1. Filter segment 150-170 down to residues that are under 13 Å from Asn95 (Cα atoms) and assigned to a loop (DSSP other than H, G, I, E, B), then give me how many there are.
2. On the given criteria, is Thr22 polar (S, T, N, Q) and surrounded by 15 or more Cβ atoms within 10 Å (Cβ to Cβ)?
3. Taking into account only those residues within segment 77-115 that are farther than 13 Å from Phe155 by Cβ and under 17 Å from the mean Cα position of the chain (by Cα), which is least open to solvent (accessible area, probe 1.4 Å)?
4. Somewhere in segment 40-63, is a residue charged (D, E, K, R), within 30 Å of His167 (Cα to Cα) and open to solvent by less than 70 Å² (accessible area, probe 1.4 Å)?
5. Give Ser128, Ser148 a once-over and let me know the one that is farther than 30 Å from Ile78 by Cβ and either open to solvent by less than 80 Å² (accessible area, probe 1.4 Å) or touching a residue at least 24 places away in the same chain (Cβ under 8 Å) (or both).
6. Taking the options Gly166, Gly178, name whichever one is closer than 25 Å to Val98 by Cα, surrounded by fewer than 17 Cβ atoms within 10 Å (Cβ to Cβ), modelled with pLDDT under 95 and not basic (Lys, Arg).
7. Taking the criterion of being within 17 Å of Gln157 (Cα to Cα) and either out of contact with any Gly (no Cβ under 8 Å at 6 or more places or on another chain) or not in a helix (DSSP H, G or I) (or both), would at least one residue in segment 22-45 satisfy it?
8. Can you name every residue in segment 95-149 that is assigned to a strand (DSSP E or B) and not β-branched (Val, Ile, Thr)?
Amino acid sequence: MFLKALDHLEEWIIIALIGAATVIIFIAVVHRYAAGLAIPGVQDFLLSLNLAWAQELCIYLFIWMAKIGAAYGVRTGIHVGVDVFINALESRWRNRFVTFGLLAGALFTGIVTVFAVRFVAELAETESVSADLEWPMWMIYLGLPIGSALMCFRFLQVCYLFNKTGHLPRPDHAKVEGVELSLIHISEP
């Protein structure tokens, strides 16, 4: 139940972040070009709007999306891996190497989480703010420990499931979530 809820939360956060960034970029681009139109009143109104913060916000949204998306990639098996050598090994050695790789990923992301938590905690004690949005920088960098901790958890989850079932998650590129494909047989005349 918890894992299913976490899976959906992870997916919805990624969708919301990329959707928000897309809408903000679209509005900023339309604003930039529409402000150049010589339409009395409209041009003055558009020039009075300050959207200088849009680019900065989109960068932060994409950073958060990438960190949480990396955890999603571990969970679903869409991370790129060169496993030709590993797959050529006999089953016993292959399982050891895969387990080692997953635990090494968990260790690395766990270490990154610890350092990111320290960094954000120290940053929270300063009055550092972002350039355009003037948001506290610790809030912006909070995506690092959250994303890294989630990625560490996903490495451990995949390792546990691999050792239990012997299977790694593999994406089905033909499947679209929520869409069922029914094959219709058409007979020839």
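1. 3
2. No, not satisfied.
3. Ile78
4. No, the conditions are met nowhere in segment 40-63.
5. Of the residues listed, the single one that is farther than 30 Å from Ile78 by Cβ and either open to solvent by less than 80 Å² (accessible area, probe 1.4 Å) or touching a residue at least 24 places away in the same chain (Cβ under 8 Å) (or both) is Ser128.
6. The conditions single out Gly166.
7. For segment 22-45, residues within 17 Å of Gln157 (Cα to Cα) and either out of contact with any Gly (no Cβ under 8 Å at 6 or more places or on another chain) or not in a helix (DSSP H, G or I) (or both): absent.
8. Pro136 - this is the single residue of segment 95-149 that is assigned to a strand (DSSP E or B) and not β-branched (Val, Ile, Thr).
The values are calculated or read from the model by the stated rules, or taken from the named source; none is laboratory data. Predicted, not measured: the structure shown is a model, and the values here were computed from it. In this analysis, Cβ positions are derived from the backbone assuming ideal geometry, glycine residues included, and neighbour counts consider all displayed protein chains. Accessible surface is based on the protein model in full, side chains and every heavy atom, while ligands, DNA and RNA are left aside. Shrake-Rupley method; radii C 1.70, N 1.55, O 1.52, S 1.80 Å.
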